[in-house]
Every structure is written in C-alpha cells, then in structure tokens.
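The values are calculated or read from the model by the stated rules, or taken from the named source; none is laboratory data. Not measured: the values here are computed from a predicted model. Using ideal geometry, Cβ is built from the backbone for each residue, glycine included, and neighbour counts are taken over all protein chains shown.
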Amino acid sequence: MSRLEEYVDVVVVGAGHAGCEAALACARLGMKTIMFTVSVDSIALMPCNPNIGGSSKGHLVREIDALGGEMGKNIDKTFIQSKMLNVSKGPAVHSLRAQADKSDYSRSMRRVLERTENLMIKQMEVAELIVENQVLTGVRTLSGAVYHCKVAILCTGTYLKARCIYGDVSMHTGPNGLQAANYLTDSLVKNGVKMYRFKTGTPARIARKSIDFSKMEEQKGDETIVPFSFTTDPKSIQKEQVSCWLTYTNEKTHEIIRENLDRSPLFSGVIEGTGPRYCPSIEDKVVRFSDKTKHQVFIEPEGIHTDEMYIDGMSSSLPEDVQVRMYHSVPGLENAEIVRNAYAIEYDCIDARQLKLSLEFKAISGLFSAGQFNGSSGYEEAAAQGLIAGINAARKIQGKEAFILDRSEAYIGVLIDDLVTKENLEPYRMMTSRAEYRLLLRQDNADIRLTKKGHEIGLIDDCRYQKLLRKEKEIEQEISRVEKTYIGTRGEIQDFLKSHGSIGLKSSATLAELIRRPELSYEILAEIDPGRPVLSKEVTDQVNILIKYDGYLQRQMRQVEQFRKLEKKEIPETIDYDDVPSLRIEARQKLKLYQPSSIGQASRIAGVSPADISVLLVYIEKERQRKRHE
Amino acid sequence: MRSDTIAAISTAVANSGIGIVRISGDQALSVVDRIYRSKDGKKKISEQPSHTIHYGFIQDGDEMVDEVLVTVMRAPKSYTAEDVVEINCHGGSYSVRRVLDTAIRSGARPAEPGEFTKRAFLNGRIDLSQAEAVIDVIHAKNEFALKSSVSQLKGSVREKIVQHRKLILEQLAFVEAALDDPEHISLDGYAEALKQKVKQLLEQLQELIDSSDNGRILKEGIQTVILGKPNAGKSSLLNALLQEDRAIVTEVAGTTRDVLEETLSLNGILLNLVDTAGIRITEDVVEKIGVERAKEKAEQADLVIYVVDASTEIDANDREVMNVLAEKKVIVLLNKSDLIPVTTTEMIKEVIGKSVPVLTVSAKEQTGLDLLEGQIRKMFYDGKITFNDEIYITNARQKAALTQAKNSLEKVLTSIENEMPEDFYSIDLMDAYSSLGEIIGESVGEDLINEIFSRFCMGK
C-alpha cells in the first residue's frame, strides 16, 4: 500500500516549550523543519503553573534570550504580572518571574512559529523511529506516513504513555485531557533506549467568582517592570498588572488529607513513577513535614481571558470528594467551585545519561532529545534544552562541531551537565544552589556571557550584536574612569559621606573604593561625581556590580580557571576502559556507562575517585604518546 | 584558592631520622624564600642558579626549625620538569615534619599520592615504558593514603568533623532554600545567628589544628599493644608510663570499639598505645577469648609489649599467647620485680625465643621503665620497628584541609561583617564543607540538594 513519504532536514516531535525552541532554532538556522504535535491548539501549552521564571529559572529564560531563543520575548508579550525575586539579596540571585496569560502565551508562540520560514507544523502522532545501523534516518507517523530526515529531536514532554490519576480515577491521557502518545516508547526501547517512569502533578483550578479574596493577602507585581528579553524596551511593557493572592492550609486541611491517605494513589501504590521533591503534592507535604501546621497557598489567575484560578501549592491526586473538602477547608476557598480537578500524571522519560552534552543520543546518531522527556521538570528547563538540541541538530547537519555551554558559562550548562552526568531519580528542577559559579552567572549579564555565542551560531543578528559590543565598551570605560577618579577630603565630601552613614575620608580615595562600601553604591555617588557621563541603567548596573563585588568575582573566576583545566582535557571517544590499568572496579563500570567526554565530566561522576582521575590522565597521555610514536 | 605547588617528604624518615622535603611547582622557589635563611641572612634561594646546594636554616617565623641543605633544580631540568627545591633535614623525624608543615603554610600544598611521579610523566620526563609503573604507583599509594586518611583518623576527631560538617550543611541548606523559595523562607536576622555559629566553629577548628601538631589527628606513631593476663600489671604499667615525665598526648575512649588509646612520646618517638578490652575483663571465661584477641591485636600492631607477672608461674595460657607472639616485634616485661620472683627471664626466653628482649620492671615501684624506653628506641633506630611514612604526609594533608576550612569560615565572617547579602556566604560555607569532607574522605555530591529537600518544604 502506498503511503505518504516526505523529505525534510529536521523532525521535531512535540510542540511544548522544548519543541518550540528546538523547531525555531533549526528553522532559523536554515533547516527545513517539521514540528509534530498531537494538537495544534496546544502549542506552547502551560498545563501546570501559570508563570515563567522564578529563582534560577528566570536565569534560564534570560540565557535562552541571550542566545536568540523565543521564550523571553514571548512572556514579555503576554505577562499579566511581573516580579523580581530576591532583590534584597545579592545580584546573582535576583530572579525574574512573571505570571502569564496562558492562552495568550500559547497563541502568541504559535503565531511566531507559523510565521517562521522553513518551519511546518503538523498535527499527527509520531509512532516510530526509523534507525538504520545506529543512525536515525526518519520517523513514521501513526497514519503510516514516513518522514525522512537528517536529524530528529524528541520533545515529547509528559505525553509518552501518559496516565492522569486522582483517587481511583485513571485516564490514559496527556495533560489537560489531551491525547497521549502511546507508541513511541516501544520504538525507543526496541532501539535500546533505557526508559524511566516519572510522575508530577497539578492542583485544581477554581472559579474566581467563588473565591472570597477578603480572607487572603494580596500579592501585587513590581512597580517597575523589568523585561525578560534583552531586546524588549522596558518602557514598552509597563502596564496594569493583575494580583495574586496568598492564603494558608490549616490543621483541618491536614486532617482531611491524613484521614484519606489510604485513598491516595500515591500511597496505595497505584502510582509507580517517581515524583519531584521540589514540587511535592499537598499530601506529600503533610506526610513529610508533619510538624508544620500550615502551608502557603497562592491563588494565581490563569489569564485575563478566563476566571479560572490556579491553586499554587496544593497539587494533589486525592479522590474528587476529598479534594473538594480539602480545598474548602482553606480560608477564602470555603465555597470554591472546582473547574478542573487536581491530578497526578505519570509518563515515560529517558535516563538522560544516554545523551551527549550536545543532547544527541550516544548510541543513535542524529537523534536528539530535550525537555521533560530527558527527565527534567519545568517550562524553562525544557525550553533551554530545546534551544540547545535545536542548535546542535542544525550544526550536525552543517557539519559543525557541537555547541556546548559548560558549568562556568551558563545555568543552561549546569542543567545539561547535571542531566547527562548524574543519576536523576526524580524530575530535575533547576536551583540556584546547583550552579557552583553562580556569582558569575547572573541574570543581569546573560547577554554579555552568551550573546556573542548566539551571534556566532547565527541566531543573533548583527544589529543586536553591535549593540552588545557598545554596551561592553561603555561598561569597560566607565569602570576604568571610576577606578581612576579620586575624591578629595573636602568638607562637602565628608558631609555627603556622613549623610549616607559612611565614615569620612582621612585621605583621598577613588570612586571605586567608595562604591565597595556596603552603604554606598555607584548610583548614590552621583552627587559627588560631576564628571559622570550619561549611561543607560543597564550599563551603570554592571559597573556597580563589577566594582562592588570585585573580590568575590575574582575568586570565583580563579575557581573557574581550575575547573576549565580539567574540562579542556578531552577523553577520546575510542577509549577502552578495560584497557586502563588500576582503575577501581566501580570507577571502571561508571566510566563505561557514562562515557564522559572530558576529564572534568569524569571527575563529577559519583564513584570516580581523584586517584581514578589521575590514572586516567596518565593513561590518556600514554596513549597520546604511543600514537605519536607510531 | 589552592596553589599548584606541591610538597611532600620524599624519603623515609622513620629509621634514620634524616629526610628530604621536596617542593615542586611554579612557586617552589618563592615558597622556600619565605622559610629559608642563610648563615649571613642575605641569600635568596630564588636567586640561586640551577643545580646548586645551599647551607642554611628553615625558619618558622623567628623560630629556627632545622639546620638544612637546600638543593635548587630549575625547570625543566628536574624530576618533575618544574622548579624543584629539596630540603635535606637533619634534626630527626619531628623536624622533617615541621619543615614540611612550614612549607605548606607558606604556599605549597600537600602532594597527592604519587603526584610527583605523575607530574614527571605528564611533563614528559618519564619514558613511555614507565607509564604503567606510574599508574601502579599512584594506585598503590592512593590505596594506602585512603586507608590511612580514613582508618587512621581517630574516632573522636572523625566525629567532631562530621558534626562540624553537619552544622555547615544546615546553614548552607537554609540560605539556599531561602534563595530558591524566597516567598516561603525568610532570612531576616539570620546573619547575626550565623555569625555566632561561625565563631564557635572557628574556635573548634583552631583546637583541632593545634592538636594536629601533636599527632592527635591521625594515629601517627608506632601502633603498640600492651598484652597480658588480668592482674599481670598491665594497667599499672600503662599508668606508670604515662605518669612519668612524658608528654601525654591524648586520652580518648574509642567510640567504635571498647578500646582505650593513649599516645605518648618517647624522646620524639610516638607510641600509639592500645589497651585492649580483652585484658580489662578479669573473669576466667575470658581466657580463651584473650588468646584470640592477642592474636588479632598482634596482627595489627607494630610492637607488642607482653606483660608477665613475675610473682606467679607462667601457665598454659601464657605459653599459648607467647607462642603466637614469637613471630612478632615483641618486648616481654617481667613485672612485679618488687615481689619474690617465681618466673625468671630464662624461663620466658625458653618459651618465646632467645632473641626476644625480656626486661625486669616494677610498674608499682616504677623501676626498669628506662630500660623499656631504651629498648624501644634501639629497636626503632635499628629498623626493627617501622611504620609507614605516608602517614606524615597524610597528616599534613589533613591539617592543610583544616586550615583551608578555617580560612573559608573566616571569609564568611568577613562577608557578614561587611554586610554582604546572604547569598555571598554560600561560596565560602561550601568551601569549608568540602575541605572538611576531604579529611574524612567524603565528597560533596548531592549533599546540599538532599539537605534542602529533607529539611524544607519547597515549591510553590
């Protein structure tokens, strides 16, 4: 029987946050790209929380933007509230979070995709991978059509063999009742891919009109809104914002939950998948933190086109009747009308240690993957991987070497290195504590860190690149000026310092020295700095940070130097660990399993000791010398 | 930040008391500049030509540590192909260790096992054919270092370090949880609380550092077991040894086994005395167990002191134990010489062998103890008792790690005093945590993430 047969460069499976970035990156880099989704109406869907960003996730979005991705621009167009978190802390942990209008977010992203050249969108389930001699050559759809391609990127999110569960109700659907993808897992397993089963959950959605907000605390957005994208003019997005609301669970809520634990599929064993510790269900919180008498609950709008409210902090898989009683026990939710029930979702994902840092499968050439399929959680983590997988898929076709960010360059680097190097037994969430060089990886300097790379890749246009170079130059010149500008000990200087709670000067000091005082800053010193040029806030913020925290930044840079030494030492792909003498058995097994690409990566594998690393270094050098002699 | 210049004791010091401290790396010459003084006080090692030898002194501040000969070998004409300085020490094992210690405090770091050889190879100084041997050396030395750094660590020290790490990890987890979830967890007033905790920790770390000079960190020294039947006078012997005008280094009740440990110094030779449980139990039932314990202890010991009650006859049990000990480094003490002797030196020698030294002492009257001391010294310098030098360098490594941890915590204090935001504490808290981890052989891994999740209810 004859079937449809097509030829493309790239097949992207899935149109969630990973799929969108992957498809856009490939198409923008000139690849003929087709993106499959089980529902075109669900492109860039936010099936869980209605926000983008947050601690460390905000960093990811800024980095995606700095490399030429879409997520930052899209949330700037569709947010309804915005907040910079941790402003009282150091600049490295400032983090942007915006509430999205979910439907606008989805619609807006869909328009971008539709208008992108080289990009086709197709509503169809991909059922099978076509792999010949460990090389991916195409995919087969459920309808039997064959799409021959040079590379494919799997971004299947939570759809693979998905099952939604609450109480004794279990439905074989993806999130939000969408069709699950039930065939691809088998094809992956057939090709030797090792699968895990993970679980996550979402809370109920409640009708706004049934909520008594007078019993809750209002949570407003920031007065001055900072955009996610470096390309968004801050002035263009200052707008009226919606509020979120804070309330708390109480002993009664916890009692209802405890009494019905036996009916929870989590505790009865119906759910097999491993859930995230970061985002526990309310029943999980009550059990694990039994000493806590209350938990925070945030009520957040799903958008401005709907009255549905997201009940943040109370995800659950308890039965429907228990859910109703549980939500009703929370102040302000006594008469809540539940529009959508809370549920847990189980899905297939992979053990990401099967991937290279480029996100290509080690064992199947041309097959890439990104997002929740790789065992991560969160829209931002997914988008970041999607972008990198997309870039590397295109580069593979172009015959260029893979684009890899290391742990000292970006949160994206930390994310991917963790995913492919460590054993993740739960959905992986980005956290600021995972980034060991975070003082350098700030959200405010993502453009300086990454936009040059984005330009080299081809996702950043010349105009944006030139703008960055100007910014860098301005920062450099201004730092040099304040380091050389001496402030005397005149009376007005002493008065000025005194008025800011700062001790007077015995002898002349530079502006830079004063900026380093905790009670002062670049901005405050404007009064005693008449020679100051007119500069954008973007520039002056950098000047302030780079001077104020100079000592810490220097130290971190020295750490990075040490780290890079090991990262630069590559392990040849052809290495035979059985041939390396004196490795401990555990190390040998782990190294064989992970196939690390550098000594640095090898050193991060649990079970590989410093002595094993020494042995490995000597062995590699020996082999190098031997080859040279031949 | 750790410098990349390494130092270690490169020759055996146990037997001769003469040893060489070797320093290699970019900073080798300047490290030695900081601790070396020539006779006229004018010579600088960094200004000396390659392959020259210089007489002088190693100074620790104003204090003279040892009279030395310093050899300068500049890169690339040295063993490692880096700048290398070798310091020949003459003042015995104690001063060799002091010299190493001084070098480490002046900017070198303790070498990893086999690191000189590794550098030599990676810098192309060792022939390819030797590479396999290099790997074996690293492997073997590391196995030993691992064993010694972890198993030689005294139970009580280990416990303290585990506690300190726990405290640091808790602080880290709190800060990090608050940074990740600022809407749930507040850091208000935390800086002051942390300051107090860090100050206490600093004091405790200082105590550990001070004690490391006395070998309290590692069970450094000759592992010595005192065996004997109940009432043979073992305990009074121990007391007598300790009561004499000798440095009592430590007194720790073992945490994992029912063993009492004492370290005492005999004119610079450290004895690590282990008083086994079997001996302290006095019931007859124990006799059989006693023999087995004796065997077991003797296996592990560098030196066995077997105490016999001279006022009673040796019985079958004594004979059995002595037969076992005949193969070991053993000194037999005929105790209770103040009473009428029933058992004589000759009778003992008949059982255990002619070459075994048998000394007549009275623990009660404290006579003959000088003979014991002399005998131990003799056996030590004759090379009959030895122990592995690697312990010295391991101890230096532990001490360096403790100092590193202390420096990191001092930086935390500075951050607090300079009113830095809380997220700046983490970098140094984490450094302190991982430095302490090196001592007990534990890496950081996912500790922090796990601690955060186990203690804080995270996630909106």
Being closer than 15 Å to A:ASP212 by Cα and either crowded, with 18+ Cβ neighbours inside 10 Å or at pLDDT below 95 (or both) narrows A:GLY313, A:GLY332, A:GLY303 down to just A:GLY332
Out of (1) within 12 Å of chain B (Cβ to nearest Cβ); (2) under 30 Å from A:LEU469 (Cβ atoms); (3) surrounded by fewer than 19 Cβ atoms within 10 Å (Cβ to Cβ), the one A:SER536 does not meet is (1)
Of the residues in segment B:422-437, those that are at the interface with another protein chain (Cβ under 8 Å from one of its Cβ atoms) and surrounded by 21 or more Cβ atoms within 10 Å (Cβ to Cβ) come to B:GLU422, B:ASP423, B:PHE424, B:SER426, B:ILE427
Those residues of segment A:107-139 which are more than 28 Å from A:ASP76 (Cβ to Cβ) and in contact with a Gly (Cβ under 7 Å, 6 or more places away or on another chain) amount to A:ILE130, A:VAL135, A:LEU136
| Can you find even one residue in segment A:243-264 that is in a loop (DSSP other than H, G, I, E, B), hydrophobic (A, V, I, L, M, F, W, C) and either more than 24 Å from the chain's Cα centre (by Cα) or within 14 Å of another protein chain (Cβ to nearest Cβ) (or both)? | no
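Residues checked against (1) among the aromatic types (Phe, Trp, Tyr); (2) touching a His at 6+ places or on another chain (Cβ under 8 Å); (3) assigned to a helix (DSSP H, G or I); (4) crowded, with 20+ Cβ neighbours inside 10 Å:
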| site | (1), (2), (3), (4) |
| --- | --- |
| B:PRO76 | no, no, no, no |
| B:TYR79 | yes, no, no, no |
| B:GLU82 | no, no, no, yes |
| B:VAL85 | no, no, no, yes |
| B:ASN88 | no, no, no, no |
| B:SER95 | no, no, yes, yes |
| B:VAL99 | no, no, yes, yes |
| B:ILE104 | no, no, yes, yes |
Filter segment B:438-450 for residues that are at the interface with chain A (Cβ under 10 Å from one of its Cβ atoms) and in a helix (DSSP H, G or I); the one that is nearest to the chain's Cα centre (by Cα) is B:GLU438
By residue number, the members of segment A:569-599 that are more than 14 Å from every other protein chain (Cβ to nearest Cβ) and in a helix (DSSP H, G or I) are A:ASP578, A:GLN589, A:LEU591, A:LYS592, A:LEU593, A:TYR594
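A quick yes/no check of all residues on (1) within 20 Å of the chain's Cα centre (by Cα); (2) within 14 Å of chain B (Cβ to nearest Cβ):
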{"site": "A:ARG62", "(1), (2)": "yes, no"}
{"site": "A:GLY90", "(1), (2)": "no, yes"}
{"site": "A:ARG97", "(1), (2)": "yes, yes"}
{"site": "A:MET124", "(1), (2)": "no, no"}
Hey, A:GLY371 small (Gly, Ala, Ser), at pLDDT 95 or above and out of contact with any Cys (no Cβ under 7 Å at 6 or more places or on another chain) or not = no
A:ASP351 fails exactly one of (1) over 24 Å from the mean Cα position of the chain (by Cα); (2) surrounded by fewer than 24 Cβ atoms within 10 Å (Cβ to Cβ), namely (1)
- prompt: For B:GLU143, are the conditions met, namely being at pLDDT below 85 and under 30 Å from B:ASP210 (Cα atoms)?
  reply: yes
Every listed condition ((1) outside any helix (DSSP H, G or I); (2) surrounded by 20 or more Cβ atoms within 10 Å (Cβ to Cβ)) holds for A:GLU519 save (2)
